[in-house]
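First the structure, in the form of structure tokens, and then the observations on it.
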Amino acid sequence: MDWKETLAALRLVGLRNAWRAWTYRRRKEALDMPLMRQPAPLQGVGALHTVTQTRHGARVTFAFAALEIAFLAPDVVRLTWEPGAPPPPYAIPEPPAWPLPEVAFRQRGDAWRLRTDALELVVTTEGLAFYTALGELLRRETWPSRRGEGWRQSAALHPEAAVFGLGERAAGPNLRPGTYRLWNQDPNGHYGPGRDPLYITMPVAWVLQPAGAYLIFYDNPAPGEVRLDDGFHVRFDHGALVAYFITGDPAHIARRWAELTGFPAMPPRWALGYHQSRWGYRTQGQAAAVLDGFREHEMPLAALHLDIDYMAGYRVFTVDRSRFPDLQALAAKAHGQGAHLVTIVDAGVKRDPRWDIYQEGRDAGAFCRLPDGEEVSAPVWPGWCAFPDFTDPEARAWWGRHVAEFVDAWHIDGLWLDMNEPAAFVDAGDPTLPLPTRHALEGEGGDHRLVHNVYGLQMARAAHEALRKARPDRRPWVLSRSGWVGLQRYAWAWTGDTESTWETLRLTVATVLGMGLSGVPFVGPDVGGFAGAPDGELYLRWLQLAALLPFFRTHSAVHTPGREPWSFGEPWTSHAREVLRFRRRLLPYLYALAWEAHTRGQPLVRPLWWLAPQEADFWGVDDAFLLGDALLVAPALAPGQEERFLQLPWGAWYDFWAPAEPHYGPAEVLLPTPLEHPALLVRAGALLPLDDGEALTLWLGWPPEGEYHSRVFFDAGDGEGSSRVEDWTVHRSGSVLTLHRTVEGEFAFPYQRLRLVVHGAASLRVEADGHDVSPRADGVFFLPTATQTVTLAFAP
């Protein structure tokens, strides 16, 4: 930390907390010292002794270890090494209900082959090899070795292979080459490209190579490292070595991954709108003025977030009544504008024997302790804090009761979890709890080395479960800064305290893609960057990008200039208004994608290689992405960028803003990116649903010959009531285009009119269920809302 960072930190935390940070760091270092990784000889597993067939795999024994190979499905293999305690049940709470496959087993010389319909594993004296059903090599790994309680393993990488995922990274989307720590960490209030680690690290990676794609996951939350060079090298300092291997096309891998670790929770529809936040809405009056600003500027708003300013002395579950005298009235004001109120909640609980919440937690044994029974104490915003042990079911229940009481008392609609790596103030070193801190681990017991990376995940679990129990008629909405594999079951995430630079704006694309491939689909940035002062152009370009990402929120640090969408004056205010209105138009499409993530495990934001993973030219693209299968987003990511090049994937694509003629890929195309909007392309044949008030608009680009599929999802937007799924098939044969609609579910069509807008074809004759439909304008047709079949043909 240089002197400028030191002064900035002192300004934020104050002299008292700075002193506490120095004191705590010294104490923590002394506590950690006995557990720091000590040099130990590297020991291999020894000579291979036996390979024995089991019902769905094999058991391999060595001189100093044993390996259990289990096919969980034809395309999914679990590899469990012994010795080592089983991992805590957090990434995979329940085994998937997959039919167990038939596994053929045969030996030829010093090679043992295990084969299903989708995959073949070959065991040799040197290691394991994974092949496709056609015999193409996917992965070759050597036998692991141990250093003390830790494990190390290496696998070869094809010279052209690309690696994606590993949770939240300030790199990529292709992470190769690079070295990445597996240890969640607050990057000290700001970060830019190359900072590692960040808040959500995950030992899960996708590997793309000429032979095909696979996912590898190591179910071990202990500290470790992944190094990518000529091979894939993983190290865990202790804990188990349990790996899962999944192969197939990207959509199939994503679904299997969700089946294994849990599908994302279905969000309330409002959460997909625009959120406004700032650390620095210090009074109820300031927050109310922000709501007034959105109304006066005619900008749609879904949620207003309150940072730690609303708390009494930064204590969780409290409200400073001198600065927020009537938080219920603020919530009512937001609700009256169709918006929602979200409040931040930190992990630390102020240690004050006179405060009832702390007394309750202490008496309930809810807080983390050291091996000698002393309560763990670390400095955060309120001063010295205790930390709930979220791996203890009773502690989760205790904390959850306060969540329920808090949101009901103040009419809060969502929770924003922060400082939950867990983070503590230190003047140097690792800003977290002491490594010997004891945790319940669901009754198994363990120290902070095994719990640190899952602490945020379990806090999100506690919040989600508390909200669901308190409000069974509403879907919980939780936003979490930290987490681990499985976070998607409970919470959304954001990219944290990014710097306000053009380089970090570009990095947003890679970070969100990596999180989606790691299983967390609902992610977005702090628009404009958290730390810094963007000018109007940088803010607008960030706003345009985030409007096409799952989580859409402006947020910034205290002591930075105002960041409301009207703060930069004209022409930026007018452009920002149109961006927010476009996001509102896009909600039917985003909601359908959210449902697809919830039911099929598909990320909303997808790399350009998603539909053609064999196309290596797209593996390194870091400045464009797919939003679902229908939209291709190519944002402006540099100052003054009025146009940009794009390597277009296969197919026909229409410019959303000027859709007269399609672009055909694969090809490099030059696209306009004026200040008003990013480059946005619509796949020909996709039906893009848009909210136009009383009408649902279906935007359609005339496609090449073939069949295309789109899906729209409707329900009440919250709760668990009835729903409606509309599957649309678009089929072109010659000059005739046929649209067929299949409806499942009892929920009524929620619009008064159904509007079809066709681009790329003129002078069309249209029939809806056999009846002629006259155009209102060229290419614009209003259909009966119950239409099942639409036929379009060129008029003679």
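The values are calculated or read from the model by the stated rules, or taken from the named source; none is laboratory data. Given the structure is predicted, the values throughout are model-derived calculations rather than measurements. Here the Cβ is made from the backbone with ideal geometry for all residues, glycine too, and neighbour counts use every protein chain on show. Heads up: the accessible areas ignore ligands, DNA and RNA and are worked out on the full protein's heavy atoms, side chains in. Shrake-Rupley method; radii C 1.70, N 1.55, O 1.52, S 1.80 Å.
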Checklist entry - What residues have an amide H closer than 5 Å to that of Ala686, excluding those fewer than 5 places away on the same chain, when H is modeled at 1.01 Å from N in the peptide plane? => result Gly701
Item to check | Accessible area (Å², 1.4 Å probe, nearest 10) - Leu42 | outcome: 90 Å²
Checklist entry - Counting only the backbone N, which residues of region 405-434 are under 19 Å from the spot 7 Å out from the Cα of Trp19 toward its beta-carbon? => result 425-428
Checklist entry - Peptides 604-614, 504-514, 93-103: what's the order by average Cβ count within 10 Å, highest mean first? => result 504-514, 604-614, 93-103
Next on the checklist: As I understand it, the dipole of region 443-537 uses +1 on the Cβ of Lys and Arg and -1 on the Cβ of Asp and Glu, about the Cα centre. Which of Thr504, Pro521, Ala531 lies farthest toward its positive end?
Outcome noted: Pro521
Item to check | Relative intensity, log₁₀ I(q)/I(0), of region 318-408 from a Debye sum that treats every alpha carbon as a point, q = 0.14, 0.20, 0.25 Å⁻¹ | outcome: -0.61, -1.01, -1.33
Item to check | Contour excess over end-to-end distance, with Cα ends at Asn188 and Glu394 and 0.36 nm allotted per residue | outcome: 71.0 nm
Checklist entry - Which FRET efficiency, nearest 0.05, do Val780 and Gln641 yield, Cβ-Cβ r, R0 41 Å? => result 0.80
Next on the checklist: Given R₀ = 56 Å, what would the calculated FRET efficiency be for Thr50 paired with Glu676, taking r from the Cβ atoms and rounding to 0.05?
Outcome noted: 0.25
Item to check | Calculated log₁₀ intensity ratio I(q)/I(0) where the Debye formula runs over C-alpha points of the chain, q = 0.10 Å⁻¹ | outcome: -1.09
Item to check | Binned Cα-Cα distance frequencies in region 684-795 - 5 Å width, integer % | outcome: 2, 12, 23, 26, 19, 10, 5, 2, 1, 0
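What's the magnitude of the charge dipole for the chain around its Cα centre, counting Lys and Arg as +1 and Asp and Glu as -1 at the beta-carbon? Answer in Debye, nearest 20. Can you show the working numbers first?
Numbers: 75 positive and 94 negative charges, 240 e Å.
Its charge dipole is roughly 1160 debye.
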Checklist entry - Sequence-distant or interchain residues sharing an amide H contact under 5 Å with Glu168, placed H: which? => result Ile200, Thr201, Met202
Checklist entry - Could you give the nm distance between label points at His559 and Arg181, where each point is 7 Å from its Cα heading toward the beta carbon? => result 2.4 nm
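If you restrict to DSSP beta bridges whose two residues both lie in the chain, what percentage is antiparallel, to the nearest 5?
The answer is about 85 percent antiparallel.
State, as an integer percentage, the relative contact order of region 506-611 based on alpha-carbon contacts under 8 Å between residues 6 or more apart. Show your work: numbers first, answer last.
Working: 117 pairs, mean separation 33.2, N = 106.
Relative contact order for region 506-611 comes out at 31 percent.
What part of the accessible area of the chain, given as a whole %, is carbon or sulfur when the probe is 1.4 angstrom?
Values: 15000 of 29100 Å².
C and S atoms contribute 52 percent here.
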Item to check | Span per principal axis, largest first, for the Cα atoms of region 604-679 (Å) | outcome: 34, 27, 23
Next on the checklist: Using protein chains only and a probe of 1.4 angstrom, how many square angstrom of Val773 are accessible, to the nearest 10?
Outcome noted: 20 Å²
Checklist entry - Tell me, what HN-Hα J-couplings in whole Hz come from the Karplus equation 6.51 cos²θ - 1.76 cosθ + 1.60 at θ = phi - 60° for each residue of region 409-415, using x for Gly and Pro? => result 5, 10, 6, 7, 9, x, 10
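Count the DSSP beta bridges whose two residues both fall in region 410-534, then state the antiparallel fraction as a percent rounded to the nearest 5. Before the final figure, lay out each step's value.
Values: 2 of 10 bridges.
Of those bridges, close to 20 percent are antiparallel.
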Item to check | At most 13 other Cβ within 10 Å, DSSP loop - trypsin sites (Lys or Arg not before Pro), region 268-334 | outcome: Arg321
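Can you list the equivalent-ellipsoid semi-axes of region 182-291, largest first and in whole Å, using the square root of 5 times each Cα gyration tensor eigenvalue? Show your work: numbers first, answer last.
Values: eigenvalues 257, 91, 39 Å².
Listed largest to smallest, the semi-axes of region 182-291 are 36, 21, 14 Å.
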Item to check | Dipole of the chain [Lys/Arg +1, Asp/Glu -1 at C-beta], most positive-end residue of Pro89, Ala162, Thr283 | outcome: Pro89
Next on the checklist: Using amide H atoms built in the peptide plane, which far-off residues or other-chain residues are under 5 Å from Leu72 H to H?
Outcome noted: Val77, Arg78
Checklist entry - So what J values fall out for region 752-764 if you push phi through Karplus, 6.51 cos²θ - 1.76 cosθ + 1.60 with θ = phi - 60°, rounded to Hz, Gly and Pro as x? => result 7, 9, 10, 10, 10, 10, 10, 10, x, 8, 10, 6, 8
Item to check | Simple Cβ-charge dipole of region 195-353, Lys/Arg +1 and Asp/Glu -1, about Cα centre, in debye nearest 20 | outcome: 440 debye
Next on the checklist: On the principal axes of its Cα set, how long, how wide and how thick is region 184-234? Give whole Å, largest value first.
Outcome noted: 42, 25, 16
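With r as the distance between the Cβ atoms of Arg295 and Ala658 and R0 = 45 Å, compute the FRET efficiency 1/(1 + (r/R0)^6) and round to 0.05.
Working: r = 33 Å, r/R0 = 0.73.
Calculated transfer efficiency: 0.85.
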Next on the checklist: Defining a contact as two alpha carbons under 8 Å apart and six or more residues distant in sequence, what relative contact order in percent does the chain show?
Outcome noted: 10 percent
Checklist entry - Can you list the HN-Hα couplings for region 457-470, worked out from phi with the Karplus curve (6.51, -1.76, 1.60; θ = phi - 60°), rounded to whole Hz and with x for Gly and Pro? => result 4, 6, 5, 5, 4, 4, 5, 4, 5, 5, 5, 5, 5, 6
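Taking only DSSP H segments of four or more residues, each worth -39500 (n - 2.57), what value at 222 nm results for the chain once the sum is divided by all its residues, to the nearest 500 deg cm²/dmol? Please list the in-between numbers first.
Details: 11 runs with 169 residues, N = 796.
When only DSSP H runs of four or more count, the value is -7000 deg cm²/dmol.
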Item to check | Highest-first arrangement of 108-114, 736-742, where packing means the average Cβ count within 10 Å | outcome: 736-742, 108-114
Item to check | Solvent exposure, largest accessible area first (probe 1.4 Å, DNA, RNA and ligands not counted), of Phe425, Phe387 | outcome: Phe425, Phe387
Checklist outcome for this item: Correct semi-axes for region 42-261, from √(5λ) of the alpha-carbon gyration tensor and rounded to whole Å with the largest first, are 28, 20, 17
Checklist entry - Counting only the heavy atoms of the protein chains, how much of His559 is accessible to a 1.4 Å probe, in Å² to the nearest 10? => result 100 Å²
Item to check | Positive-end residue of Ala748, Phe713, His759, charge dipole of region 684-795 with Cβ unit charges | outcome: His759
